[in-house]
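The values are calculated or read from the model by the stated rules, or taken from the named source; none is laboratory data. All figures in this text were calculated on a predicted structure; none of them were measured in a lab. Don't worry about glycine lacking a Cβ; one is built from the backbone with ideal geometry, like all the others, and counts go over all protein chains shown.
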Amino acid sequence: MNPHYRPSFATEELEFHGNENNPEGKALYFPVHRRRILIDTLSRPESYFEYLPEENSINGTEVIYIGTIKEIPCYCFELEEEFCEPDMQYFDLHELYGMVDEEMLGIASRAVQMADFYRTHRYCGLCGGNTEYVPVETGMQCQNCSHIAYPRISPAVIVLIEKDEHLLMARSKNFPEGVYGLVAGFVEAGETIEHAAHREIREEVGVSVKDLTYFASQPWPFPSSLMIGFTANFAEGDISIDPEEIEDAAWFHVEDIPKLPQKKSISRALIDHFLDEHAAKE
């Protein structure tokens, strides 16, 4: 683990298979509807997840145990409809960033992904039978053929490419106006994360790199990815973008960096690391 980086949307204190029996009966609940969490907006941030809707609002779904933090068990459940009482409001994970502390944001991230997993795996992919959640397996098991499906995590690489005092940055057509980030892409079946990094760089911006070095990783629950960050040095080649993936790419001097992604992303952490290193050399 990188000691200088605390990834957003990650939980570091939650015991995934901890003790569910709290001596005082305390618990935290994460009601979810299509990847958004229901919160009592009149409560304080530290009390956001203490509210459990009435029983009739969760009929037809299953309350899933997702772990224990400081002896308090945590649960999530997918609401069948967009249930909302007065003073209750739905928030997505992007909106929760900055509203709650990083650890609670990480637990909320896990809750959203587990509720979404439950919602999308109620029927067996092999025989079509009904499934049920099996806590010890963290999976949905078919009641007919016993096939088990597990939460899908999609690994993706993201690479900071530097050349002297310059940083290779790219922007997707989906980025906010003026924002540049780093080269990134999903790992394909049958390849290592290192091979994926070299392939994505070659495909998206046309250059090759050397000295590929692991930096850190970050859960990215949009919807369910694991970002694996690297740094690398430019080796050779001219920038040639893939217009299907990249709108623009260019080298930027350390003193002329464009508008950056928000701090909640590992992309920003990598860029800040690059800037801090060069600032220290001055």
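Kindly evaluate N2 against the criterion of being under 24 Å from V134 (Cβ atoms) and either buried (at least 16 other Cβ atoms within 10 Å of the Cβ) or not small (G, A, S) (or both).
no
Which members of the range 122-177 meet the condition of being in contact with a helix residue (DSSP H, G or I) (Cβ under 9 Å, 6 or more places away or on another chain) and part of a loop (DSSP other than H, G, I, E, B)?
Correct list: T138, Y150, P151, R152, I153, E165.
Filtering the range 162-177 down to residues that are crowded, with 19+ Cβ neighbours inside 10 Å and out of contact with any Gly (no Cβ under 7 Å at 6 or more places or on another chain), which residue is nearest to E255 (Cα to Cα)?
L167
State all residues of the range 218-263 that are under 23 Å from H198 (Cα atoms) and of a type in the set (S, T, N, Q); if no residue qualifies, say none.
Residues satisfying the conditions are Q218, S224, S225, T231, N233, S240.
Of F117, F77, which residue is surrounded by 20 or more Cβ atoms within 10 Å (Cβ to Cβ), aromatic (F, W, Y) and outside any helix (DSSP H, G or I)?
Step by step, each of F117, F77 is checked, and only F77 is surrounded by 20 or more Cβ atoms within 10 Å (Cβ to Cβ), aromatic (F, W, Y) and outside any helix (DSSP H, G or I).
Yes or no, residue by residue, for (1) touching an Asp or Glu at 6+ places or on another chain (Cβ under 8 Å); (2) at pLDDT below 95; (3) surrounded by fewer than 17 Cβ atoms within 10 Å (Cβ to Cβ):
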{"site": "V179", "(1), (2), (3)": "no, no, yes"}
{"site": "E188", "(1), (2), (3)": "no, no, yes"}
{"site": "E204", "(1), (2), (3)": "yes, no, no"}
{"site": "L212", "(1), (2), (3)": "yes, no, no"}
{"site": "F215", "(1), (2), (3)": "no, no, no"}
{"site": "P221", "(1), (2), (3)": "no, no, no"}
{"site": "E244", "(1), (2), (3)": "no, yes, yes"}
{"site": "D248", "(1), (2), (3)": "no, no, yes"}
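Answer yes or no: is there a residue in the range 214-228 that is of a type in the set (A, V, I, L, M, F, W, C), assigned to a strand (DSSP E or B) and over 30 Å from V32 (Cα atoms).
So far as the range 214-228 goes, yes, one or more of its residues are of a type in the set (A, V, I, L, M, F, W, C), assigned to a strand (DSSP E or B) and over 30 Å from V32 (Cα atoms).
Taking the range 158-174, which residues are of a type outside the set (K, R), over 20 Å from Q113 (Cβ atoms) and touching a residue at least 12 places away in the same chain (Cβ under 8 Å)?
Result: V159, L160, I161, E162, E165, H166, L167, L168, M169, A170, S172.
Does the range 194-209 contain at least one residue that is in contact (Cβ under 8 Å) with a residue 60 or more places away in the chain, of a type in the set (G, A, S) and at negative phi?
No, the range 194-209 has no match at all.
Here is a list: M140, M104. Which entry is buried (at least 20 other Cβ atoms within 10 Å of the Cβ), modelled with pLDDT of 95 or more and over 20 Å from P219 (Cα atoms)?
One residue alone meets the criteria, M140.
For the range 46-67, indicate whether the set of residues that are surrounded by fewer than 18 Cβ atoms within 10 Å (Cβ to Cβ), modelled with pLDDT under 95 and on the phi > 0 side of the Ramachandran plot is non-empty.
Yes, that holds for at least one residue.
Residue by residue through the range 252-266, note down the ones that are crowded, with 17+ Cβ neighbours inside 10 Å and part of a loop (DSSP other than H, G, I, E, B).
V254, L260, P261, K264, S265
List, please: which pairs have Cβ atoms under 7 Å, are six or more places apart or on different chains, and start with a residue in the range 131-154 that is closer than 19 Å to A111 by Cα and of a type in the set (D, E, K, R) and end with one that is part of a loop (DSSP other than H, G, I, E, B) and at pLDDT 95 or above?
Listed by first residue and then by second, the contacts come to E132/Q143; R152/S224.
So which residues in the range 68-120 are among the β-branched types (V, I, T) and either closer than 17 Å to E12 by Cα or touching a strand residue (DSSP E or B) at 6+ places or on another chain (Cβ under 6 Å) (or both)?
Within the range 68-120, T68, I69, I72, V100, I107, V112 meet the criteria.
Just to be sure before I move on: is G178 in the same structural domain as S265 (by TED's automatic domain parsing) and among the small types (G, A, S) in the structure I sent?
Against the criterion (in the same structural domain as S265 (by TED's automatic domain parsing) and among the small types (G, A, S)), G178 qualifies.
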